[in-house]
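Read through the structure below, which is laid out as C-alpha cells, and then see the notes.
The values are calculated or read from the model by the stated rules, or taken from the named source; none is laboratory data. This one's a predicted model, so the numbers in the text were calculated from it and none came from an experiment. Glycine also receives a Cβ, built like all others from the backbone with ideal geometry; neighbour counts cover every protein chain displayed. Accessible surface areas use protein heavy atoms only, side chains included; no ligands, DNA or RNA. Shrake-Rupley method; radii C 1.70, N 1.55, O 1.52, S 1.80 Å.
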Amino acid sequence: SPQMQFSEQWLRSWVNPSLSTDELSYLLTMAGLEVEEVTAAAPAFSGVVVAEVKEVVKHENADRLRVTKVDAGTGELIQIVCGAPNVAPGLRVPCALPGAVLPGDFRIKPTKMRGVESNGMLCSGKELGVPDEVDGLLVLPADAPVGQSIREYLQLDDSLFTLKVTPNRADALSMRGIAREVAALTGAPLQA
C-alpha cells in the first residue's frame with residue numbers, strides 16, 4: 001500500500017495540537033492512519049553555527065589545505081584549516097566551533113594541522129548527516145544569519161512521519177487531509 005512521508009514541523013504549521021511527537025503518532029495510528037515509523041530529520045549534533053568565510057590562503061606546508069579566517073558571530077575572526085575544494089571568501093557555511101559534537105560522537109577541539117592552528121571545522125552536509133549533492137562544504141544562502149545555530153537555521157530538530165495509507169484513506173495522501181484529520185481528532189484549530 002502507498003506510503004506518505006511528511007515533516008512534523010510542516011504538519012504543525014497547519015495544525016498544532018498540544019501533543020508530543022509520540023502522542024501524535026499514537027493518535028494517528030488509532031485513527032486508522034498507520035504510522036510505520038518516525039525518524040529524526042537529522043542525527044544529533046551540537047555546536048555548529050552559520051559562519052562567513054572572510055579570507056582563504058594556501059597552507060604553506062600542504063597543497064590541498066587552505067587556511068581560512070571565518071566570522072562565526074563570536075566577535076573575532078576564527079582561523080580554521082580546511083581541505084574542502086569549494087571553500088571561498090564570501091561563502092556562508094556551517095562551522096563547528098571547539099566543543100562541538102558531530103554525528104558519530106566526533107568532538108571538535110583546537111588542533112594544529114601541519115603546524116598551523118585550527119580552531120574549529122567547516123562542515124559538509126555529509127559530516128552533519130544532512131544529504132547534500134555538493135562535494136565539499138554545505139553552502140548556505142547568502143542571507144543565512146552569521147552565528148545562528150545550524151539546527152535552528154535548517155530546521156533539523158524535526159521528525160519525519162511515514163504513514164502506511166490504506167486504499168480507503170486516499171485523503172491521507174495529502175498534507176491537508178492529514179491536518180484536517182488531526183484537527184478533527186484533537187479539536188486544535190486548522191491554520192489553512
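So here's what we get for this one:
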| read-out | value |
| --- | --- |
| Top-ranked residue of region 88-106 - restricted to ones that are among the small types (Gly, Ala, Ser) and assigned to a strand (DSSP E or B), ranked as most open to solvent (accessible area, probe 1.4 Å) | Gly99 |
| Single residue of Lys109, Lys126 found to be in contact with an Asp or Glu (Cβ under 8 Å, 6 or more places away or on another chain), not hydroxyl-bearing (Ser, Thr, Tyr) and not in a strand (DSSP E or B) | Lys126 |
| Qualifying residues in region 158-192 (those that are basic (Lys, Arg) and crowded, with 16+ Cβ neighbours inside 10 Å) - the one farthest from Ser7 (Cα to Cα) | Arg169 |
| Hits in region 1-10 (condition: open to solvent by 20 Å² or more (accessible area, probe 1.4 Å), in contact with a helix residue (DSSP H, G or I) (Cβ under 8 Å, 6 or more places away or on another chain) and part of a helix (DSSP H, G or I)) | Trp10 |
| Answer residue from region 11-45, given it is closer than 30 Å to Asn86 by Cβ and touching a residue at least 60 places away in the same chain (Cβ under 8 Å) and is most open to solvent (accessible area, probe 1.4 Å) among those | Ala40 |
| Wholly enclosed strands (runs of 3 or more DSSP E) of region 27-77 bearing at least 1 residues under 26 Å from Gly120 (Cα atoms) and at pLDDT 95 or above | 46-58, 66-71 |
